[in-house]
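Once you've had a glance at the structure underneath, I'll fire off some questions.
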Amino acid sequence: MLNIDCPWCGKRHETEFRYGGEAHIARPEDPAMLDDTDWAAFLFMRKNTKGYFAERWLHSHGCRRWFNVIRHTVTHEIVGAYKMGEKPPKLPKPAGGAK
Amino acid sequence: MVKYSIFTIARNALTGHKNWPKQWRSPEPKATYDVIIIGGGGHGLATAYYLAKEHGVRNIAVLEKGWLGGGNTARNTTIVRSNYLWDESAAIYEKSLQLWEGLSQDINYNVMLSQRGVLNLAHSLGDVREGVRRVNANRLNGVDAEWLDAEGVKDFCPIINISKSARHPVLGATLQRRGGVARHDSVAWGYARAADALGVDIIQNCEVTGIKREGGKVTGVETTRGDIAAKKIGVVAAGHSSVIAEMAGIRLPVTSHPLQALVSEPIKPVIDCVVMSGAVHVYVSQSDKGELVMGAGIDSFNSYAQRGSFHVIEHQLGACLELFPIFSRVRMMRTWGGIVDTCPDASPILSGTSVEGLYFNCGWGTGGFKATPGSGWCFAHTLANDAPHPLNTPFSLARFESGALIDEHGAAGVAH
Amino acid sequence: MTQHFRATSGGRINRRKAINFTFNGQSYIGYEGDTLASALLANGVHLLGRSFKYHRPRGIVAAGAEEPNSMVQLGEGATTEPNIRATQISLYEGLTASSVNVWPNVEFDISAINGLFAKIMTAGFYNKTFMWPRSLWMKLYEPVIRRAAGWGRAPTTSDPDIYDHMHLHVEVMVVGGGPAGLMAALAAGRSCARVLLVDEQSEFGGSLLSTKRQIGGKDETAWIADMVAELEAMPDVTLLRRSTTFGYYDHNYLCVLEQKTDHLPAAERKGKVRQRVWHVRAGQVVLATGAHERPLVFADNDRPGIMLAGAVQTYVNRYGVLPGKKMVLFTNNDAAYEAAIDLQAAGGDVVAIIDCRHEVSGELVDAARALDIEILAGYAITGTSGGKRVESVEVRKIQKGAKVYTSAARSIDCDLVAMSGGWSPVVHLFSQSQGQLHYDEAKACFLPGTPRQVQQVAGALAGQFSLKDCLAGGYKAGADAARATGFTPKRKPAAPEIDEPDAGEIEPFWVVPGSRPIGEGMAKHFVDLQNDTTAADIELAVREGFESVEHIKRYTLTGFGTDQGKTSNINALAILSGILEKPIPKIGTTTFRPPYTPVSYGALAGRNLGDWSDPVRVTSIHDWHVNNGALFENVGQWKRPWYFPKAGETMQEALNRECLAVRNGVGVLDASTLGKIDIRGPDAAEFLNRIYTNAWLKLGVGRVRYGLMCHEDGMVFDDGTTARLADDRFLMTTTTGGAAGVLDWLEEYLQTEWTDLKVYCTSVTEQWATVSIAGPKAGAVLKKLAPEMDISHENFPFLSFKEGTVAGLKARVFRISFTGELTYEINVPWTCGQALWEAVMAAGAEFDITPYGTESMHILRAEKGFIIVGQETDGTTTPQDLGMDWIVSKVKPDFIGKRSFTRTDTARKDRKQLVGLLTDKPDDVLPEGAQLVFDPHAPKPMPMAGHVTSSYYSATLGRSIALALVKGGHDRKRQKIFAPLEGKTVTAEIVDPVFYDKEGERLNG
């Protein structure tokens, strides 16, 4: 049960949230200009990072806001949460070792 | 390979079991192989076995970063069935089931396949419609399938609660009698032993750290035990497929998630079949040791940790007690997690890539264990011929561009 | 029966309160404060069960959660429970228990014959046999194996007890209420942090409950009482007894099972919560989980009467029980000597101490010598004898390193063997929390290393084996934890005077050879008592190439029992290390997985059963439906009326009546469950234009339009009508099941993609009740209800809406139609739903207005060829597949899904497309889900052309109709298609999916 730090509401149990997968995938400005390969990349190809990963969460049973989280996909350490449009927090170095 | 039988055991008993040979060697890696399989789980070992047995390729290494069979092979709920909806899936899973049916004899290792029947429950009129559709499709595809109404479900599995007043009452179920369970560890060990006997080098504690390429072709791998050259590489790394893909500069439509399972304490036999319910997210069978083996839906978030969140387990047990009220005082003994690699359409990828000689077998999501023999068989064909077998042609990477997805979310039995 | 083995005094039991209980049909008496195990030992009962494979007699080994053997079937009937450890059962009046997996009884167990085949039943034997002939596996071998397997039995009826869940947030959670845990809780509590202290025992004190100590001038009982009293007086400290922290999850989330009534007589349990699972989120966790004693692995070390030394000490000191009267102690450390000294003090006789160390000295050794106990240093037990109870041991002098014997065997009679192989810290929770372990050579155990979560460790878990260290370490951990969560600990109190013997040194001694090499002869060196795993099995596994500790575990089943290997894992590891000649740290440990001890399913499910397993949503008209005989269908979480049968009617008769009423008169449907989303903002129209496949910018205020939504992959995922309430405001309707998903979808795009659009979405599904009246007489009914409203077709045309008063209620009325008939959907505030419905029924009475449910709705729409998302679509269906190109804008440059339509597979001409089917025989109603083929004679696998998505008997048309998705179906009109069913093949003709009123003339009544 992750403890997720909603930028609006503070730390809440994971059960209040819905997962939104990889963050920072912008919908193409003009999809018609993309060939099938690039369109497929937008639709389906995803970073599946082992390590610190930028991902989206929706506080669906709370403020209903989408936001981004940097989380380590092995330790589940959450480095920080940030609002849509904001810059991600700096990653700790070296990777690993949640505190 | 020493033939295993009751007579061999009796003979060895006379010498205090001091003379059993190793089931597989622990060789040092050679400098070069014809084919390297990355991943020593069931699928990887099966691939190596069928490559050696069916295609005469003998200079094969299976590289395993930990201990063989230690990934999802050791972490699943051991269910075997082939009653998938779409023709493409039914064909490959049915091939797999047919291989399962002769597997113990083929590899001379008892994988304890127990065809006790698999029920997939329907809890709404929509489920009924989908269930009937699947039964009809299975039947015409030559896959055994029956539709049972609620009373029929009760006859087949008497301890199931079919009360109409249940929150999500059982309205019926599909039944595949040839479905069942097998002993997961034995599958990995049996394939390892049989592949080893055909000359395959199984190299444990050997983690791949790089894919070497020249001119768009693979030339070998970098590992924690040194560089190894190879003409072809088959990646069968399940949850870690994306990590290997990244080494080769390839992106996959795959995300890795925790999938949790649990067993109860061993109790005397109470349930003689496999019961799955996609709608309320639980599946149950009883092992030969007496444990109730149960699984649930996957955790929503990406993860490479072999653990998930506890609320998923609690939700699953609530669903379980709705179906089986008599399990309330049975106790959960052990929980664990695997890392499942899921595709957007809940179907696998057995495919070549943009890198010549580099092949991926991944994306099995929650359906991997049952596919082990078929997956290995098809992937061996693909590696040997540099072309897919008709059974795995639809499971190419190209489908994500063309849109020819094989959407098995309904049949996968768990919510993705 | 009297308690022959009860010491004359001592123990924490209440000797004034005798408790009657039954074991294996025999009645016994114990005392309040006993466990079932201690009470049985007091009565001289050692034989509690049989082993898993060989059915060897087995007794009590431990005194707590680590007990591998003594599982019993507790209670009877609906409240029986399998596999409960006798060492963890608090004795209560009327307790009944029996041995598990024995037949006919534990004294004479038929399956003990398995022992004869022990030589064959080695690790992995089932992998190597039962393969020929193949057919016998399912018919004979497996059924026999299954019958033999399993321990106790599940109840055969539902559980009468209730369970619940609690959630708690604290700054400091302390796990373990022994001396270290108590001190940690005290330190954190005094800082005023919120503290939770959890202990699995019936009382706090941990190891102090089993030992005699003076602490700061008080005896241990007084010290514990003072500590607990101070903690209980703190308002922000919560104390949980009989509560096991069974799981330690990410981000300091821990789960605790509190057993609230399991120690009470049946009559006192009624109406109470039996067990509760606490879900705790802690700022800091202090783990003070103690240590488990390890058995020694020697020949035939499994006979009843062979116990852990610490357990002997617990039975003597805590329960006033002599587990035996003639004890031999077998040890590799000093600490275990205390068990001998305490037993002797309680009236038992210690006949010898077998110490495998060659040099023994120290306070405890001297104390034993002073009691005239014979100490055989440099000796080992090399065999035992006895049937259902140990009767004697065989000891020999050994060389250092324990490989060679240097003396002849000597037999020593005894009725109890206490053994101690050292102590293993209970690292389970620490390990679950992803902390790394390291091996401490001097202490011969694994200790917590680097933690991964915000936590402290203290006491024996941290290698602090003396009471003095426990108290100091516990206080420090508690203070550090409090400080880390922002609290200021009070000044550390002065360390109390403690009298305790010096613990001395331990000399690891992992496996003691018997008179013959391990694996030869009849003797067995058990490592995992529950699974009958022996040292020889581990040797065999290694011989066969299994070298990873995980492989060894799995091949030999070590540690896979209900005790999860608490007493066996480290021994197995060390034996493996010896065989492979690799140091223990190189072998590594296996993973410790939750739960620490088993947890009942009932407790984990809590109250989330029955109607509470998933919220039941009902409309404001639900009671009327119930009172008027509706049958219900679950749609998502909603209960929707399925149909309204009248007395004596079959389902089909009811449907016929309902449908004909709509076609010929007027019907009424509760449509309140349809999702409703209020979409507001200056960019609302632009937003809809991007979300829906059709055009929305020019929709006039007061008008309504139907729309389809696709995902980015071009596949249809929801549909519904949307009305323009104002320039900047729309009311969208969605499917019942899709409402939440659509709202999420809209908000996702607004918040993550099109953040420049000023649009806000609000779910109003449960703000408006919707009553839909349909049929040629619908206008007449509405006229009566809304006499002020101009409902002429000119002023209230199809696909428009009006606000006004209906039946005296403020209402929005929409002219849309899912039946093809003149239809008014009247929306009133949710709470007025039933009032409106009753008014409609009253106004419609003269027209014989007929309530209808979802099934008739489905039939009526199918007659018109209208799709239902999720029935005609399955996530692989495009608008074009549905023949709905007319709703896909050719003009808009972009909308969600558009780009995907041109992908090669999506643009294929022979995709599965929506068609109508008319069976050759009008009375044949195809089953929904029937597969369709062009060639019914093709061999299997038969090429399939599609499937039936909807199929009904249409009373309107007097025949069956069906909708289907068929490959290239749009170009196959008038062709025959076949549905090969079980036992027969139905032939049908492919037709247009609109079966009724193709021109749409009936829309205006």
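The values are calculated or read from the model by the stated rules, or taken from the named source; none is laboratory data. It should be emphasised that the depicted structure is a prediction, and the values quoted were computed from it without experimental measurement. A quick note on method: Cβ atoms are made from the backbone with ideal geometry, for glycine too, and the neighbour counts reach across all protein chains shown.
What's the number of the condition C:P993 fails, among (1) closer than 24 Å to C:T877 by Cα; (2) free of Cβ contacts under 8 Å to residues at least 60 places away in the same chain?
So the condition that C:P993 fails would be (2).
Of the residues that sit in region C:873-899 and are part of a loop (DSSP other than H, G, I, E, B) and touching a Leu at 6+ places or on another chain (Cβ under 6 Å), which one is nearest to the other protein chains (Cβ to nearest Cβ)? Outline the logic, then answer.
So the first thing to find is which residues in region C:873-899 are part of a loop (DSSP other than H, G, I, E, B), and the list is C:873-884, C:888-897.
Narrowing further to those that are touching a Leu at 6+ places or on another chain (Cβ under 6 Å): C:879, C:882-883.
Numbers: C:P879: 14, C:L882: 16, C:G883: 19 Å.
Among those residues, the one meeting the criterion is C:P879.
Here are the criteria: (1) closer than 22 Å to C:Y249 by Cα; (2) more than 7 Å from every other protein chain (Cβ to nearest Cβ). Tell me which single one A:Y19 does not satisfy.
So the condition that A:Y19 fails would be (2).
Another question about this same structure. For region B:6-35, which residues satisfy the criterion of being touching a Phe, Trp or Tyr at 6+ places or on another chain (Cβ under 7 Å) and at the interface with chain C (Cβ under 8 Å from one of its Cβ atoms)? Break it down stepwise before answering.
Filtering region B:6-35 down to residues touching a Phe, Trp or Tyr at 6+ places or on another chain (Cβ under 7 Å) leaves B:9, B:12, B:23.
If the condition is that a residue be touching a Phe, Trp or Tyr at 6+ places or on another chain (Cβ under 7 Å) and at the interface with chain C (Cβ under 8 Å from one of its Cβ atoms), then B:I9, B:Q23 are the ones that fit.
Go over the candidates C:T221, C:T289 one by one and state the one that is more than 27 Å from C:G435 (Cα to Cα), modelled with pLDDT of 95 or more and either not polar (S, T, N, Q) or not in a strand (DSSP E or B) (or both). Steps first, please.
On the way: C:T289 fails: more than 27 Å from C:G435 (Cα to Cα).
Just one listed residue meets the conditions, C:T221.
Does B:R25 meet the test of being in contact (Cβ under 8 Å) with a residue 40 or more places away in the chain and farther than 27 Å from B:N385 by Cβ? Walk me through how you get there before you give the answer.
On the way: in contact (Cβ under 8 Å) with a residue 40 or more places away in the chain: yes; farther than 27 Å from B:N385 by Cβ: yes.
Yes, satisfied.
Can you name the condition, by its number, that C:R1002 falls short on among (1) in a loop (DSSP other than H, G, I, E, B); (2) within 30 Å of C:R663 (Cβ to Cβ)?
The failed condition is (1).
Output the residues belonging to region C:855-872 that are among the polar types (S, T, N, Q) and either in a loop (DSSP other than H, G, I, E, B) or surrounded by fewer than 21 Cβ atoms within 10 Å (Cβ to Cβ) (or both). Walk me through how you get there before you give the answer.
Applying the first criterion (among the polar types (S, T, N, Q)) to region C:855-872 yields C:856, C:871.
Within region C:855-872, just C:Q871 meets the criteria.
Across region B:187-204, which residue is nearest to the other protein chains (Cβ to nearest Cβ) among those that are of a type in the set (G, A, S) and surrounded by fewer than 24 Cβ atoms within 10 Å (Cβ to Cβ)? Give the steps one after another, and end with the answer.
Initially, region B:187-204 is screened for residues of a type in the set (G, A, S), giving B:188, B:190, B:192, B:194-195, B:197, B:199.
Subsequent filtering for residues that are surrounded by fewer than 24 Cβ atoms within 10 Å (Cβ to Cβ) retains B:197, B:199.
Details: B:A197: 12, B:G199: 16 Å.
If we take residues in region B:187-204 being of a type in the set (G, A, S) and surrounded by fewer than 24 Cβ atoms within 10 Å (Cβ to Cβ), then B:A197 is nearest to the other protein chains (Cβ to nearest Cβ).
Kindly indicate whether C:P922 is closer than 18 Å to C:L860 by Cα, within 12 Å of chain B (Cβ to nearest Cβ) and in a loop (DSSP other than H, G, I, E, B).
Numbers: closer than 18 Å to C:L860 by Cα: yes; within 12 Å of chain B (Cβ to nearest Cβ): no; in a loop (DSSP other than H, G, I, E, B): yes.
So C:P922 fails the test.
Can you confirm whether C:W768 is under 25 Å from A:E22 (Cα atoms) and more than 36 Å from the chain's Cα centre (by Cα)?
Numbers: under 25 Å from A:E22 (Cα atoms): no; more than 36 Å from the chain's Cα centre (by Cα): yes.
Against the criterion (under 25 Å from A:E22 (Cα atoms) and more than 36 Å from the chain's Cα centre (by Cα)), C:W768 does not qualify.
Considering only region B:142-186, state which residues are in a helix (DSSP H, G or I) and crowded, with 17+ Cβ neighbours inside 10 Å.
Kept after step one, since they are in a helix (DSSP H, G or I), are these residues of region B:142-186: B:150-156, B:184-186.
Selection gives B:A150, B:V153, B:F156, B:H184, B:D185, B:S186.
So that you can scan it fast, the table gives a plain yes or no per residue for (1) on the phi < 0 side of the Ramachandran plot; (2) aliphatic (A, V, I, L, M); (3) part of a loop (DSSP other than H, G, I, E, B); (4) buried (at least 22 other Cβ atoms within 10 Å of the Cβ):
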position	(1), (2), (3), (4)
C:G514	yes, no, yes, yes
C:G519	no, no, yes, yes
C:V527	yes, yes, no, yes
C:D537	yes, no, no, yes
C:T562	yes, no, yes, yes
C:L573	yes, yes, no, yes
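Moving on to the next point. Could you please let me know if C:T96 is touching a residue at least 12 places away in the same chain (Cβ under 8 Å) and more than 14 Å from chain B (Cβ to nearest Cβ)?
On the way: touching a residue at least 12 places away in the same chain (Cβ under 8 Å): yes; more than 14 Å from chain B (Cβ to nearest Cβ): yes.
So C:T96 passes the test.
Could we say that C:G478 is buried (at least 20 other Cβ atoms within 10 Å of the Cβ) and closer than 23 Å to C:G387 by Cα here?
Values: buried (at least 20 other Cβ atoms within 10 Å of the Cβ): yes; closer than 23 Å to C:G387 by Cα: no.
Considered against the rule, which asks whether it is buried (at least 20 other Cβ atoms within 10 Å of the Cβ) and closer than 23 Å to C:G387 by Cα, C:G478 comes out as no.
Does C:F509 count as assigned to a loop (DSSP other than H, G, I, E, B) and either touching a residue at least 24 places away in the same chain (Cβ under 8 Å) or at positive phi (or both)?
Working: assigned to a loop (DSSP other than H, G, I, E, B): yes; either touching a residue at least 24 places away in the same chain (Cβ under 8 Å) or at positive phi (or both): yes.
The answer is yes for C:F509.
Output the residue which, of all residues in region B:240-284 that are part of a strand (DSSP E or B) and under 30 Å from B:T353 (Cα atoms), is farthest from the other protein chains (Cβ to nearest Cβ). Step through it out loud before you land on a result.
Applying the first criterion (part of a strand (DSSP E or B)) to region B:240-284 yields B:255-264, B:267, B:274-277, B:282-284.
From what's left, under 30 Å from B:T353 (Cα atoms): B:255-259.
Numbers: B:T255: 5, B:S256: 6, B:H257: 9, B:P258: 10, B:L259: 15 Å.
Checked region B:240-284; the qualifying residue farthest from the other protein chains (Cβ to nearest Cβ) is B:L259.
Quick one: would you say C:A118 is touching a residue at least 12 places away in the same chain (Cβ under 8 Å), more than 14 Å from chain B (Cβ to nearest Cβ) and either in contact with a Leu (Cβ under 9 Å, 6 or more places away or on another chain) or over 26 Å from C:S600 (Cα atoms) (or both)?
Working: touching a residue at least 12 places away in the same chain (Cβ under 8 Å): yes; more than 14 Å from chain B (Cβ to nearest Cβ): no; either in contact with a Leu (Cβ under 9 Å, 6 or more places away or on another chain) or over 26 Å from C:S600 (Cα atoms) (or both): yes.
No.
Quick one: how many residues across region C:579-607 are part of a helix (DSSP H, G or I), touching a Phe, Trp or Tyr at 6+ places or on another chain (Cβ under 6 Å) and either touching a residue at least 24 places away in the same chain (Cβ under 8 Å) or in the same structural domain as C:S70 (by TED's automatic domain parsing) (or both)? If you could, list the steps in order and put the result at the bottom.
The initial filter retains those residues of region C:579-607 that are part of a helix (DSSP H, G or I), namely C:579-580, C:584-587, C:601-605.
Narrowing the set further to residues that are touching a Phe, Trp or Tyr at 6+ places or on another chain (Cβ under 6 Å) leaves C:584-585, C:601-603.
Then drop every residue that is not either touching a residue at least 24 places away in the same chain (Cβ under 8 Å) or in the same structural domain as C:S70 (by TED's automatic domain parsing) (or both), which leaves C:584-585, C:602-603.
Result for region C:579-607: 4.
Let me ask another. Can you pull out every residue in region C:663-690 that is touching a Ser or Thr at 6+ places or on another chain (Cβ under 9 Å), assigned to a helix (DSSP H, G or I) and among the hydrophobic types (A, V, I, L, M, F, W, C)?
Scanning region C:663-690 gives a single hit, C:L688.
Is it the case that some residue within region C:43-52 is more than 23 Å from C:K325 (Cα to Cα), assigned to a loop (DSSP other than H, G, I, E, B) and aromatic (F, W, Y)? Spell out how you get there, then give the answer.
So the first thing to find is which residues in region C:43-52 are more than 23 Å from C:K325 (Cα to Cα), and the list is C:50-52.
Subsequent filtering for residues that are assigned to a loop (DSSP other than H, G, I, E, B) retains C:51-52.
Filter once more, so that each one left must be aromatic (F, W, Y): C:52.
Checking region C:43-52: at least one residue is more than 23 Å from C:K325 (Cα to Cα), assigned to a loop (DSSP other than H, G, I, E, B) and aromatic (F, W, Y).
Only one of C:L785, C:L746, C:L757, C:L822 is free of Cβ contacts under 8 Å to residues at least 60 places away in the same chain and at negative phi. Can you tell me which?
Details: C:L746 fails: free of Cβ contacts under 8 Å to residues at least 60 places away in the same chain; C:L757 fails: free of Cβ contacts under 8 Å to residues at least 60 places away in the same chain; C:L822 fails: free of Cβ contacts under 8 Å to residues at least 60 places away in the same chain.
Checking each option against the conditions leaves just C:L785.
Ok, one more. Is it the case that some residue within region A:69-79 is without any contact (Cβ under 8 Å) to a residue 24 or more places away in the chain, within 25 Å of C:T906 (Cβ to Cβ) and at the interface with chain B (Cβ under 8 Å from one of its Cβ atoms)?
no
Being more than 18 Å from the chain's Cα centre (by Cα), surrounded by fewer than 22 Cβ atoms within 10 Å (Cβ to Cβ) and more than 9 Å from chain C (Cβ to nearest Cβ) is the filter here, so list the residues in region B:87-136 that pass it.
B:D106
Does B:G374 qualify as being more than 11 Å from chain C (Cβ to nearest Cβ), touching an Asp or Glu at 6+ places or on another chain (Cβ under 9 Å), modelled with pLDDT of 95 or more and not in a loop (DSSP other than H, G, I, E, B)?
Values: more than 11 Å from chain C (Cβ to nearest Cβ): yes; touching an Asp or Glu at 6+ places or on another chain (Cβ under 9 Å): yes; modelled with pLDDT of 95 or more: yes; not in a loop (DSSP other than H, G, I, E, B): yes.
Yes.
Ok, one more. Kindly establish whether B:T366 is modelled with pLDDT under 95, hydroxyl-bearing (S, T, Y) and not in a loop (DSSP other than H, G, I, E, B). If you could, list the steps in order and put the result at the bottom.
Details: modelled with pLDDT under 95: yes; hydroxyl-bearing (S, T, Y): yes; not in a loop (DSSP other than H, G, I, E, B): yes.
It is true that B:T366 is modelled with pLDDT under 95, hydroxyl-bearing (S, T, Y) and not in a loop (DSSP other than H, G, I, E, B).
Tally time: how many residues in region C:716-749 are under 18 Å from C:W886 (Cβ atoms) and among the hydrophobic types (A, V, I, L, M, F, W, C)?
1
Something else now. Filter region C:148-169 down to residues that are within 8 Å of another protein chain (Cβ to nearest Cβ) and of a type in the set (V, I, T) and give me whichever is surrounded by the most Cβ atoms within 10 Å (Cβ to Cβ).
Looking at the filtered set, the residue picked out is C:T157.
Only one residue in C:L708, C:L660, C:L699 is assigned to a strand (DSSP E or B), within 27 Å of C:F796 (Cα to Cα) and among the hydrophobic types (A, V, I, L, M, F, W, C). Which one?
On the way: C:L660 fails: assigned to a strand (DSSP E or B); C:L699 fails: assigned to a strand (DSSP E or B).
Step by step, each of C:L708, C:L660, C:L699 is checked, and only C:L708 is assigned to a strand (DSSP E or B), within 27 Å of C:F796 (Cα to Cα) and among the hydrophobic types (A, V, I, L, M, F, W, C).
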